[in-house]
Amino acid sequence: MPASVEARPRDSRGYPVPAITPWEGNEPQFALTDYGRSAECARQRLCSVCNTLIPKGPVWRVVGAAESSAIREALAAGRPYRNMAATLEAPGHRACMLYASMVCPYLARPNARRGLTAQSPDDMTSHVVRGAVRGELGAVVGFGDYEFAVTKAQVLFRFLDVVEYLPHDTADRHLAELRAELARSGGRLGGGQPR
């Protein structure tokens, strides 16, 4: 576990709570995204998992089956990949996204199912339906940079220039890569203590 994730607040079971996770009373709502926290991460270039600064340069995110397949096909054909459709999913550090891909049940396994339905489904969240399956071949993907827009209701992200593509059927495939990343960084990420 990255040290910056280990320093995060914990739920009643002891699990670290990602920076963009909303709380209801004393319980985090893991399957949801907090608008204000997501906007702060976008504006201040903070990791959506550990809430520390992402240095200038690449950012990472975990993608599902459809986007992973599109990236794989573009790379195999020698074409650049750029998804012009915005996403609600914020970026983070490489180690944090490798870690998240393994510990989040929905991200980790192809047969995992969503536990909740979007609170107010729209074009961006209509796929967030209780019981929906993640699907085959997710990936942790590094991008050269990101763009964002903060609207009245959502924080939207677009990611530019694939710099790394790490596909997985089950995310435990990334364990050796996570260990190597933590060894390179000394277990520390970002620009200081979590906020």
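The values are calculated or read from the model by the stated rules, or taken from the named source; none is laboratory data. None of the values given here were measured: they were computed from a predicted structure. Don't worry about glycine lacking a Cβ; one is built from the backbone with ideal geometry, like all the others, and counts go over all protein chains shown. For accessibility, only protein heavy atoms count, side chains too; no ligands or nucleic acids. Shrake-Rupley method; radii C 1.70, N 1.55, O 1.52, S 1.80 Å.
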- line: Here the residues within region 136-162 that are closer than 17 Å to Ser101 by Cβ and modelled with pLDDT of 90 or more are Ala139, Val140, Val141, Gly142, Phe143, Phe159, Val162
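Residues that are among the aromatic types (Phe, Trp, Tyr) and open to solvent by 20 Å² or more (accessible area, probe 1.4 Å): find the helices (runs of 4 or more DSSP H) completely inside region 1-114 holding 1 or more of those.
Numbers: elements: 3-6, 35-44, 65-76, 94-103, 105-108.
Here the list reads 35-44, 94-103, 105-108.
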- request: Tell me, yes or no, whether region 80-98 has at least one residue that is modelled with pLDDT under 95 and aromatic (Phe, Trp, Tyr).
  value: yes
query: Of the conditions (1) in contact (Cβ under 8 Å) with a residue 60 or more places away in the chain; (2) more than 30 Å from Ala183 (Cβ to Cβ); (3) in contact with a Lys or Arg (Cβ under 9 Å, 6 or more places away or on another chain), Pro22 fails just one. Which one is it?
result: (1)
